[in-house]
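I have placed the structure first, in the form of structure tokens, so that the comments after it can refer back to it.
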Amino acid sequence: MSESFFVGLAGGSASGKTTFIRKLSEEFGENQICVISQDHYYKGLSEQVRDSNGKVNFDHPDGIDFSRIRRDLRKLIRGDVVKIVEYTFNNPDVFPKQLIYKPAPIILLEGLFVFADKSLNKMYDYRLYIDADDSVTLKRRLNRDKEERGMTHEEVMYQWENHVLPAYQEFLKPHKPNADYVISNNTNFDSCYEKISSKFREVLTNK
């Protein structure tokens, strides 16, 4: 296999990264695209950043093991299969699965802070940024965290005001101007998706 085409996909919380990636995976399949989530590279709980109230802040790049991400990416470049353990955010009710990443013509790393590490940022061939208004992402996060994670309104708002929004302003938004393509997702990303899909098909044709 020729050298893979590396893509970084960043975006704020509830901007639509997961939905966008699911659509890409359904179209191209694992033989053509390998999708890696930054979320599975969090450091252990004892190494996580805590706010002034002692609460764990998962919305900070210092909690990510970037050296391990770079190591696994280099393995994929060499043609090796990478096996890691799913990160469950210390949820005792979830038994972590083994995740298997296989080399593919396109390798996509997605997450909040995939542009925050300078060494990693230099590796990308293409940078995508999913953008949505704060009011839109807050509404989505409230719905998701209350329905899927059993959080109260107060808990969601605490994280939003003390972790999520400050992290977005400091660690994500500054990278938006450097993206090769900005995906607008206040309502849907259909037109943007077609452009990215076309770009990926072009890349695969030239492999």
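Bear in mind these aren't lab numbers, they're just calculated from the coordinates by the rules spelled out. As the structure is a prediction and not an experimental result, all values here were calculated from the model. Positions of Cβ are generated from backbone atoms using ideal geometry, with glycine treated the same way; all protein chains shown enter the neighbour counts.
Values as computed for the structure displayed
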| quantity | calculated |
| --- | --- |
| FRET E, pair Asn188, Glu147, Förster distance 22 Å, beta-carbon r, rounded to 0.05 | 0.60 |
| Max mean-square fluctuation residue, GNM over the chain, Cα-Cα springs under 10 Å, options Leu76, Leu45, Leu24 | Leu45 |
| Relative contact order (percent, whole number), the range 5-194, Cα cutoff 8 Å, 6+ residue spacing | 34 percent |
| Most mobile listed residue (Val114, Val94, Val81) in the chain, GNM with C-alpha springs under 10 Å | Val94 |
| Difference of contour (0.36 nm per residue) and Cα-Cα distance, Lys139 to Asn121 | 3.5 nm |
| Stokes-Einstein D for the range 5-194, Kirkwood Rh over Cα pairs, 10 °C, 1.306 mPa s (µm²/s) | 91 µm²/s |
| Candidates Ile183, Ile84, Ile107: whichever shows maximal mean-square fluctuation once the chain is modelled as a Gaussian network with Cα springs under 10 Å | Ile84 |
| Pairwise label distance in nanometres, Val85 with Ser52, each label 7 Å out on the Cα-Cβ vector | 3.6 nm |
| Stretchable slack from Asn178 to Lys207, in nm (0.36 nm times residue separation minus alpha-carbon distance) | 7.9 nm |
| Nearest-ten-degree value, helix 66-78 long axis tilted from longest Cα axis of the chain | 20 degrees |
| Gained length - Thr18 relative to Ile77, 0.36 nm times residue gap less alpha-carbon distance | 18.8 nm |
| Whichever lysines have a C-alpha closer than 16 Å to that of Lys122, once near sequence neighbours (fewer than 8 apart) are set aside | Lys176 |
| Cross-link partners of Lys207 among lysines (Cα-Cα below 16 Å; sequence separation of 8 or more within a chain) | Lys199 |
